[in-house]
Amino acid sequence: MNFEEYSGVWVFIEENEGNIAQVSLELLGAGRRLADKRGVDLCGVIIGNGVTLLSETVFEYGADVVYVYDQEIFTHYRTESFMKALLHCSEKYKPEIILYGATSTGKDLASAVATDLPTGLTADTTELDVEEDTGLLLASRPAFGGNIMATILCKKYRPQMATVRPKVMKALSPEPGRTGKLVEETIDVKEEDIRTKVLEIVKSTTKKVRIDEADIVVAGGKGLGNADGFQLIHQLAQALGGAVGASRDVVEAGWVEHPHQVGQTGVTVTPKIYFAIGISGAIQHLVGMKNSGLIIAINKDPDAAIFEASHYGIVGDAFEIVPLLIQEFSKA
Ligand code: FAD
């Protein structure tokens, strides 16, 4: 494989009902940094129906080139059709790196593409870097139960591919009017070539807890004792207008449901303020909240690991401190 034929950092732009997924904008921010370090183009790939105009947003968020496949066959996401488009694009223009959001769509598409290209895929990445001279992608993710960060390399093949967790990379501020090179492509793929048919779209009726979008997250751990004690977390979150987060042990104990879980096997959050109350600070929890703007920990153990990751710490009993906070914040 001649590596010199491969150039450019690509981001698969995920689109849903005419909107670009936030994770794709975050990846354009990360991709810009990698592309600048390498001195190559940052490119977005958009696949869909009626999506060409979205390229304007992709340019404003940092892309130099946007490849668009705008055809009726791409109205709904389907693995086979999207994979054919991405393979077509990749084989024609030969990127050195392709990044996807670690969402249901991104994970599905990236793994499908990886089965067809002679390359691998690093899944669920939380840190990205690139070697300036070789272009080797350094994709890191928690491994061995979150006890270490593993950096995974794809030394022999191109493109190098990774899915990246939402909320761990930062989008750039959009530059209105910024533009670049738009490349419109089509592929000859017929409905009968695609084995999956979309018969109906049924929207979820369950109310989703979006703790990853909250400015304030009040998270509680096993230190709250039981489900009744955990009510203090709900009350403080309510007083602050924030969302409720939890450690995995709390979710496993059934005090609160899984969408509230922060960490390696839960959600990654980056709120402006994160309260960690009665949470020890296991590495698997820290990977999900360590990039929060301001971290405030309350724990009765002065040696708890959570204090290492916090900006402010209160050593004391949650049952004494949290009611005082609720009282004060309820006045505001
Ligand atoms: P504990 O570790 O039991 O800590 C309780 C803390 O409360 C202690 O520090 C204690 O000093 C303090 N405390 C006790 N009483 C009080 C009081 N009255 N007032 C104040 N403080 C008090 N964990 C996650 O959170 N998220 C994940 O996504 C996740 N994924 C994992 C994936 C794998 C593969 C593995 C192996 C583990 C994972 N874990 C995850 C579990 C993780 O290792 C820890 O077990 C878990 O985070 C501990 O939860 P905790 O801090 O609530 O409980």
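The values are calculated or read from the model by the stated rules, or taken from the named source; none is laboratory data. Please read these numbers as outputs of a predicted model, since none were measured by experiment. Virtual Cβ from ideal backbone geometry, glycine too; neighbours counted across all protein chains shown. For accessibility, only protein heavy atoms count, side chains too; no ligands or nucleic acids. Shrake-Rupley method; radii C 1.70, N 1.55, O 1.52, S 1.80 Å.
Go through region 240-289 and count every residue that is more than 7 Å from the ligand (Cβ to nearest atom), farther than 12 Å from Gly220 by Cα and either open to solvent by less than 20 Å² (accessible area, probe 1.4 Å) or in a loop (DSSP other than H, G, I, E, B) (or both).
Here the count works out to 12.
For the structure I just gave you, tell me whether Lys37 is open to solvent by 50 Å² or more (accessible area, probe 1.4 Å), closer than 25 Å to Lys190 by Cβ and of a type in the set (Lys, Arg).
Judged against the criteria, Lys37 is not a match.
Hand me the list of strands (runs of 3 or more DSSP E) wholly inside region 66-180 holding 3 or more residues that are under 25 Å from Ser55 (Cβ atoms).
Answer list for region 66-180: 97-101, 160-164.
Please enumerate the residues belonging to region 118-139 that are open to solvent by 10 Å² or more (accessible area, probe 1.4 Å), touching a strand residue (DSSP E or B) at 6+ places or on another chain (Cβ under 8 Å) and free of Cβ contacts under 8 Å to residues at least 60 places away in the same chain. Please lay out each step first, then the result.
Filtering region 118-139 for residues open to solvent by 10 Å² or more (accessible area, probe 1.4 Å) gives 118-124, 126-129, 131-134, 136, 138.
From what is left, the residues that are touching a strand residue (DSSP E or B) at 6+ places or on another chain (Cβ under 8 Å) are 119-124, 126-129, 131, 136, 138.
Matches in region 118-139: Thr119, Gly120, Leu121, Thr122, Ala123, Asp124, Glu127, Glu131, Leu136, Leu138.
Please verify whether region 196-208 includes one or more residues that are acidic (Asp, Glu) and touching a residue at least 40 places away in the same chain (Cβ under 8 Å). Step through it out loud before you land on a result.
Taking region 196-208 and keeping what is acidic (Asp, Glu), we get 200.
Now narrow it down to the ones that are touching a residue at least 40 places away in the same chain (Cβ under 8 Å): none.
No: region 196-208 contains no residue that is acidic (Asp, Glu) and touching a residue at least 40 places away in the same chain (Cβ under 8 Å).
Based on this model, can you work out whether Ser292 counts as away from the ligand (no atom under 13 Å from the Cβ), of a type in the set (S, T, N, Q) and buried (at least 22 other Cβ atoms within 10 Å of the Cβ)?
Yes: the conditions hold for Ser292.
Mind listing whichever residues of region 307-325 are in contact with a helix residue (DSSP H, G or I) (Cβ under 8 Å, 6 or more places away or on another chain) and near the ligand (Cβ under 8 Å from one of its atoms)?
Selection gives Ala318, Phe319.
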